[in-house]
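One structure is given here, and the rest of the page talks about it.
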Amino acid sequence: MIAANQLNIAIDAAKKGQRDEAREILLALVEEEPQHELAWLWLSDLMPDLENRIIALENVLTLNPHRTKARQRLTQLYQQQTSLNTDSVAAAQDHAVNGRRQHAYALLQQQLQKTPDDADAWFAFSQLVEDVDDQIIALQYVMTLNPTHARAQYRLTQLQLAREDMIGLGRAYEIMGDLDHAIKAYQLAYRLSTTSAIDRTIARKRLEIAKKYRRLHRHVPHGMNLPELEHNQMLARGRDHEEQEEWDKAIIAYKTAVTMSTSMTIQKIAQKRLTTAQIEQNLPPIKLVSPTLTAVRLSLGPFILYNFLLFLHAGLHPWHIPPLLALSNLSVLVGSLIWVIVTMVPHHTLTQKLLGEPDHINSFTRALLNILGSLLIVLPFLLLFLSTLTRLTAFTPQLPAP
Amino acid sequence: MFPLNDTEPNRYIRFPFMVMAIILVNVLVFGMEIVVMYQGGDAFLNLIYRFGIVPADIWAGRGGGGLTAVTQMFLHAGFLHLFGNMLGLWVYGRRVEDACGPWRFLLFYLSAGAFAAIVYTVARAHSTITSIGASGAIYGVMGAYLILYPGGRIRTLILLGFIPVFPKIRAFWLILYFFALQILPAFHTLFTQERYHVAHWAHMGGFIGSLCIFFFLRPEVFHRYRNEMLL
């Protein structure tokens, strides 16, 4: 039952496009139940690389040799694998360029295991590794395999020169986004006795900057490169679009950041922002409330109270309302309207005609209108009160018998 | 079940001036009632019959009329009557005042009380018994709270035998519970004309009168309500 639930959850996630999540659930499932045929079948579609897809399908056919479609699919994958072997370096470079460094790394490792003397693979590998020393070793091996490899020669020369120059090395690490090594290089440059005073000052300043930047990105684990600029830009771009409430563009930017970034942190942030943007996109538009509606709505409040009291005063017989008090209704309404317009809705066109622009209100006129509005509201209530007092003085309540 | 406190914070005002002012006025008026009561004779009865709502007098156009709709809200028959009403006003009135602003809250409070008086007068047309108390207006405030903050959580005291528990209950359930307690007795009085010590129709009237809250809300609150945002 639990396995069935897990499978269903994974299938739902895959259908919603959450391939990574679906894959993780299925991998956990097959670890518990290696005989789970359906899980392997789904994994054969969800695995990112060809090798693992082949393994997944082979497992399916081991468990159920009669699956014809799976067999056909496996044959296709074998054919792809053969053609890819010749082009795996290009594929790895393509992965690297698109930010899928882990996939590029895995592909190159496989290639180098098969053909250890592939100079191009070693060169591509040197571009992937983070440590400068490792890059130098890889490039030196490329030169050993192919002494005429011009790009490797050029890159090796650059790195060797940078190695003599710790500040230059630190700068090189900075450009690559590896702040941990940059900080080490600057620290070394600062401490070495052979460093000149000027270089020491430069090293100190760059060290401070690098440390500050490292603190800002302290969530990035040590040793990992900082997020590539273009994916970081996608996140920033998404935020810009969000602020402009361009939800479609924000969603595209966040989706790009989620799929392209190799940093888990950036992916998580982008995923959260993507969810928010999708929710905002589906929200109905804000209904605005016009100043006229506000003015009318608030003006009716005192009018309603006055009419309730008047209705009771007239013994719940509207035709018994004294004419003066009935007319006073209008006074309450007009007074409320004036008061509300002057105090509550400064952007109403009527308010601006009476008082001027909200930033340059005529205070005298405003005070005058305030007083007028208040008088128009209060006077009818006073009249009602006086009328009631007159009745009360002549009234003797009929008390209940003891 | 006794509501004790609204656990949600205000958004616009720090202190509910008008709620406290109304409570203070009620307490002062009750103090005056006690003084009148101690005078003995018919002084107290005179007071509550003159300034309370007597439906038969209203229909006949006698007495204070509209004024009594206001004065009856500040008269109470006893300490428990006063305490219960003021507790309700404190619990539910704070955030309703926050949503309206102090002066508009006062207007709403009086309107709900006046409407409660109208409904009571219509439902008990021939009654010569006076009705006093703020509960019509309080039910109006409760109704407004239900409209504005149905999900609000109210700290409540419930006695399980002798054991007090203080759960937080959603306003929706609590207020509808109190309203439901009025329905049967109210209709019972309508069909049997039996006398009750509680003016159930005034409570029902105040509750229905709470619909006029929309004429007293701050513009920002009305905007948020219209857009189904949290108030």
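The values are calculated or read from the model by the stated rules, or taken from the named source; none is laboratory data. Keep in mind it's a predicted model, so treat the numbers as computed, not measured. Quick reminder, even Gly has a Cβ in these numbers, built from the backbone with ideal geometry, and neighbours come from all protein chains shown. To get the accessible areas, we keep the full protein, side chains included, count just its heavy atoms, and leave off ligands, DNA and RNA. Shrake-Rupley method; radii C 1.70, N 1.55, O 1.52, S 1.80 Å.
Summary of computed values
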quantity: Sequence-distant lysines (8 or more away, or on other chains) whose Cα lies within less than 27 Å of A:K205; calculated: A:K184
quantity: 3J(HN,Hα) from dihedral phi, segment A:134-144, Karplus parametrisation 6.51/-1.76/1.60, rounded to Hz, x for glycine, proline; calculated: 5, 5, 4, 4, 4, 5, 4, 5, 4, 5, 5
quantity: Accessible-area value, A:S290, 1.4 Å probe, nucleic acids and ligands omitted, Å²; calculated: 60
quantity: Debye intensity ratio in log₁₀ form over the Cα atoms of segment A:272-348, taken at each q of 0.13, 0.16, 0.26, 0.27 Å⁻¹; calculated: -0.58, -0.70, -1.09, -1.13
quantity: Apportionment of accessible area to carbon and sulfur, segment A:322-402, percent (1.4 Å); calculated: 74
quantity: Share of carbon and sulfur in the accessible heavy-atom surface of segment B:144-228 [1.4 Å probe, %]; calculated: 68
quantity: Longest segment of chain B lacking GluC sites (Glu not before Pro) that sit in a DSSP loop with at most 14 other Cβ atoms within 10 Å; calculated: B:1-193
quantity: For B:S131, distant residues with modelled amide H under 5 Å away; calculated: B:I53, B:V54
quantity: Helix-only CD estimate at 222 nm, as mean residue ellipticity for chain A, using -39500 (n - 2.57) per DSSP H run (n ≥ 4); calculated: -25000 deg cm²/dmol
quantity: Nearest-10 value in Å² for the accessible area of B:W59, using the 1.4 Å probe; calculated: 80
quantity: Cβ-derived FRET efficiency at R0 60 Å, A:L379 paired with A:R239, nearest 0.05; calculated: 0.60
quantity: Rough spin-label spacing in nm, given labels placed 7 Å along Cα→Cβ, for B:F15 and A:E51; calculated: 7.4
quantity: Relative contact order, percent, chain B [alpha-carbon distance under 8 Å, six or more residues apart]; calculated: 27
quantity: In degrees, nearest ten, helix B:200-209 long axis to first principal axis of chain B (Cα); calculated: 40
quantity: Gaussian network model of chain B, Cα within-10 Å springs - most flexible of B:R14, B:R94, B:R170; calculated: B:R14
quantity: When segment B:101-231 is reduced to its Cα atoms, the Kirkwood hydrodynamic radius in Å; calculated: 16.0
quantity: Sequence of A:K287, A:K69 from largest to smallest accessible area, 1.4 Å probe; calculated: A:K69, A:K287
quantity: Length released on extending from A:N64 to A:S290, taking residue separation times 0.36 nm less the Cα-Cα span; calculated: 74.5 nm
quantity: Tensor-based shape of segment A:278-396 (alpha-carbon gyration tensor, a/c under 1.5 rounded, otherwise prolate or oblate); calculated: oblate
quantity: Derived scalar couplings ³J(HN,Hα) [segment A:315-329; Karplus, 6.51 cos²θ - 1.76 cosθ + 1.60; whole Hz; x for Gly, Pro]; calculated: x, 6, 10, x, 6, 8, 5, x, x, 4, 5, 5, 5, 4, 3
quantity: Cα-based helix-to-principal-axis angle, B:17-39 vs chain B, degrees rounded to 10; calculated: 20
quantity: Given A:K16/A:K272; A:K212/A:K255; A:K15/A:K249; A:K69/A:K114, the pairs whose alpha carbons are separated by over 19 Å; calculated: A:K212/A:K255; A:K15/A:K249; A:K69/A:K114
quantity: Set of segment A:302-319 residues, backbone N closer than 19 Å to the point 7 Å along the Cα-Cβ line of A:N370; calculated: none
quantity: Chain A, accessible area per residue, ligands and nucleic acids excluded (1.4 Å, Å²); calculated: 59
quantity: At least 30 Å² of accessible area lost relative to the chain alone, listed for segment A:304-339 with a 1.4 Å probe; calculated: A:I304, A:L305, A:F308, A:L309, A:L312, A:G315, A:L316, A:H317
quantity: Other-chain or far-sequence residues with amide H under 5 Å of B:L157's (modelled H); calculated: B:F2, B:L4
quantity: GNM result for chain A, Cα springs below 10 Å: residue of A:A150, A:A326, A:A22 fluctuating most strongly; calculated: A:A326
quantity: Chain A - Rg and Dmax from Cα coordinates, angstrom; calculated: 38.9, 124
quantity: Estimated FRET transfer efficiency when R0 is 25 angstrom, pair A:K114-A:D94 (beta carbons, to 0.05); calculated: 0.85
quantity: Choice from B:F15, B:F207, B:F108 with maximal GNM fluctuation in chain B (Cα, 10 Å cutoff); calculated: B:F15
quantity: Phi-based couplings in Hz for segment A:167-172 (Karplus 6.51, -1.76, 1.60; Gly and Pro marked x); calculated: 5, x, 5, x, 4, 4
quantity: Stokes-Einstein D (µm²/s) once Rh is taken as the Kirkwood radius of chain B over alpha-carbon pairs, at 4 °C in 1.567 mPa s; calculated: 71
quantity: A:R215, A:R155, B:R104, reordered so the largest accessible area comes first (probe 1.4 Å); calculated: A:R215, A:R155, B:R104
quantity: Summed side-chain charge close to A:D94 - residues other than A:D94 whose Cβ falls under 14 Å, Lys, Arg +1, Asp, Glu -1; calculated: -1
quantity: Exposure rank, largest accessible area first [B:T7, B:T189; 1.4 Å]; calculated: B:T7, B:T189
quantity: Two-decimal ratio, segment B:1-121, of alpha-carbon radius of gyration to 2.2 N^0.38 Å; calculated: 1.17
quantity: Solvent-accessible area of A:R206 with every protein chain in place, 1.4 Å probe, in Å² to the nearest 10; calculated: 60
quantity: Interface B:A - total buried accessible surface [probe 1.4 Å, Å², rounded to 100]; calculated: 3400
quantity: Relative contact order (%) - chain A, alpha-carbon pairs under 8 angstrom, separation at least six; calculated: 7
